[in-house]
Amino acid sequence: MGPFPGLCDSDSIHAMIGFATRFAPSPTGLLHLGHAYSALTAYDAARAAGGRFLLRIEDIDRARCRPAFEDAIYEDLAWLGLEWETPVRRQSAHFDDYAGALETLRGLDVVYRCFKTRKEIADAVGSAPHFAADGPEGPQYVGAPLSTHDEDALLKQDAPYAWRLCAQRAVQIAEERCGPLFFVEQGAGPREQSGDIKATPEIFGDPVIARKDLATSYHLASVWDDALQGVTHVIRGEDLFHATHLHRLLQALLGLPAPVYRHHRLITDAQGKRFAKRDRSATIRAQREGGASPQDVRQGLGFV
Ligand code: GLU
């Protein structure tokens with residue numbers, strides 16, 4: 001059970017603890033103007049509400065994260081004029097927390113080990129037309145646990161496995177506890193979705209909730225940390241709008257309060273393309289080295 005046992009309705013909690021939001025980058029490259037927009041949007045919202053602004057380093061994927069990029073995050077955000085609470089929560093120091101959350105899900109019997117390789121998943125999807133529709137993370141693959149006998153044999157061989165959430169059973173259990181699952185969108189999704197949004201985590205199929213290589217996932221770690229850090233408002237790009245359907249389900253299963261969501265538009269270049277970390281010229285660092293001031297960056301992004 002999580003730190004907030006049985007909690008399903010977060011309104012009263014928000015009233016008690018005020019406003020807290022966060023910026024949660026992954027140190028896999030230099031921050032670009034899209035990140036600057038997100039960080040400034042969250043920071044300004046916290047200031048306007050007289051609330052808290054947190055920075056969280058989402059570095060569970062140790063193979064892709066670099067200490068130099070983490071240092072650059074602190075430097076670039078400070079240069080932009082942001083201040084955040086310390087100590088900063090670094091997810092790589094909290095794998096035990098995420099393992100505990102996974103244990104809770106195991107206790108609810110809503111996850112199963114999946115030993116399939118990418119290729120096997122692709123083959124399974126190819127041979128079953130009902131898997132063909134793509135969800136936010138690819139095909140909507142729905143699997144099932146192996147028999148104890150087969151699973152034991154694979155475990156004995158140390159075969160690697162991921163944990164998948166059995167979405168159908170998970171939704172059933174969550175709705176028995178909390179009633180129909182909704183999240184509150186105060187910004188907008190990619191198709192202007194806003195207001196009370198019915199959570200439809202089934203769009204993921206059975207999502208991987210703990211990766212083979214990491215023993216957790218972005219979804220589990222992020223939902224856990226938002227609750228632990230008392231985040232009341234999640235402010236982030238609309239590319240993560242769909243993930244919220246799954247996040248709401250995880251909150252209900254883990255007994256975590258649901259924050260309010262404010263997804264914002266994505267910043268694009270002159271050709272309408274999203275910035276990527278590899279576009280060096282669009283990094284905050286390059287702006288700074290090119291002689292721009294933090295105020296120039298703010299104005300260029302449309303902040304007054
Ligand atoms: N770490 C994610 C990213 O860098 C952001 C996750 C979130 O805001 O929930 O895209």
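The values are calculated or read from the model by the stated rules, or taken from the named source; none is laboratory data. Every value quoted in this text rests on a predicted model; they were computed, and no experiment measured them. Neighbour counts are summed over all protein chains in view; Cβ atoms, including those assigned to glycine, are modelled from backbone coordinates with ideal geometry. Surface accessibility is based on the protein's heavy atoms, side chains included, excluding ligands, DNA and RNA. Shrake-Rupley method; radii C 1.70, N 1.55, O 1.52, S 1.80 Å.
Having 3 or more residues that are surrounded by fewer than 17 Cβ atoms within 10 Å (Cβ to Cβ) and under 20 Å from the mean Cα position of the chain (by Cα) is the bar; report the helices (runs of 4 or more DSSP H) wholly within segment 94-166 that clear it.
Where helices (runs of 4 or more DSSP H) fall fully within segment 94-166 and carry at least 3 residues being surrounded by fewer than 17 Cβ atoms within 10 Å (Cβ to Cβ) and under 20 Å from the mean Cα position of the chain (by Cα), they are 95-107.
Do we find a residue being farther than 17 Å from ALA252 by Cα and open to solvent by 30 Å² or more (accessible area, probe 1.4 Å) anywhere in segment 181-189?
yes
Restricting the first residue to segment 146-160 and requiring it to be at pLDDT 95 or above and of a type outside the set (Lys, Arg), which pairs with a second residue that is in a helix (DSSP H, G or I) and surrounded by 10 or more Cβ atoms within 10 Å (Cβ to Cβ) meet a Cβ separation below 7 Å and a spacing of at least six or different chains?
Matching pairs, first to second residue: none at all.
Regarding segment 10-20, can at least one residue be identified that is closer than 22 Å to SER217 by Cα and modelled with pLDDT of 95 or more? Reasoning before the result, please.
Let us first name the residues in segment 10-20 that are closer than 22 Å to SER217 by Cα, namely none.
Checked segment 10-20: no residue is closer than 22 Å to SER217 by Cα and modelled with pLDDT of 95 or more.
For segment 79-93, which residues satisfy the criterion of being surrounded by 14 or more Cβ atoms within 10 Å (Cβ to Cβ) and among the hydrophobic types (A, V, I, L, M, F, W, C)? Reasoning before the result, please.
Within segment 79-93, the first condition is being surrounded by 14 or more Cβ atoms within 10 Å (Cβ to Cβ), and the residues that meet it are 79-80, 82, 84, 89-92.
Across segment 79-93, the qualifying residues are TRP79, LEU80, LEU82, TRP84.
I'd like to verify a number: residues in segment 257-281 that are more than 15 Å from the chain's Cα centre (by Cα) and aliphatic (A, V, I, L, M), how many?
4
Which one of the conditions (1) modelled with pLDDT of 95 or more; (2) open to solvent by less than 30 Å² (accessible area, probe 1.4 Å) does GLU175 fail to meet, given that it meets all the rest?
Exception for GLU175: condition (2).
What number of residues within segment 205-218 are within 14 Å of the ligand (Cβ to nearest atom) and either open to solvent by less than 10 Å² (accessible area, probe 1.4 Å) or within 15 Å of PHE23 (Cα to Cα) (or both)?
3
Going by the conditions given, is ALA188 touching a Ser or Thr at 6+ places or on another chain (Cβ under 6 Å), more than 15 Å from the ligand (Cβ to nearest atom) and either not hydroxyl-bearing (Ser, Thr, Tyr) or not in a loop (DSSP other than H, G, I, E, B) (or both)?
Against the criterion (touching a Ser or Thr at 6+ places or on another chain (Cβ under 6 Å), more than 15 Å from the ligand (Cβ to nearest atom) and either not hydroxyl-bearing (Ser, Thr, Tyr) or not in a loop (DSSP other than H, G, I, E, B) (or both)), ALA188 qualifies.
Those residues that are assigned to a helix (DSSP H, G or I), in contact with a strand residue (DSSP E or B) (Cβ under 9 Å, 6 or more places away or on another chain) and open to solvent by 30 Å² or more (accessible area, probe 1.4 Å), I need them from segment 45-54; list them, please.
Residue satisfying the conditions is ARG47 alone.
Per-residue answers, yes or no, for (1) more than 24 Å from TRP84 (Cα to Cα); (2) open to solvent by 10 Å² or more (accessible area, probe 1.4 Å):
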| site | (1), (2) |
| --- | --- |
| LEU240 | no, yes |
| HIS245 | yes, yes |
| GLN251 | yes, no |
| LYS273 | yes, yes |
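How many residues, within segment 250-276, are at pLDDT 95 or above, within 15 Å of the ligand (Cβ to nearest atom) and of a type in the set (A, V, I, L, M, F, W, C)?
Count: 4.
Six or more apart or on different chains, Cβ atoms under 6 Å: show the pairs whose first residue is in segment 55-78 and open to solvent by 10 Å² or more (accessible area, probe 1.4 Å) and whose second is among the aliphatic types (A, V, I, L, M) and assigned to a helix (DSSP H, G or I).
ILE60/ALA221
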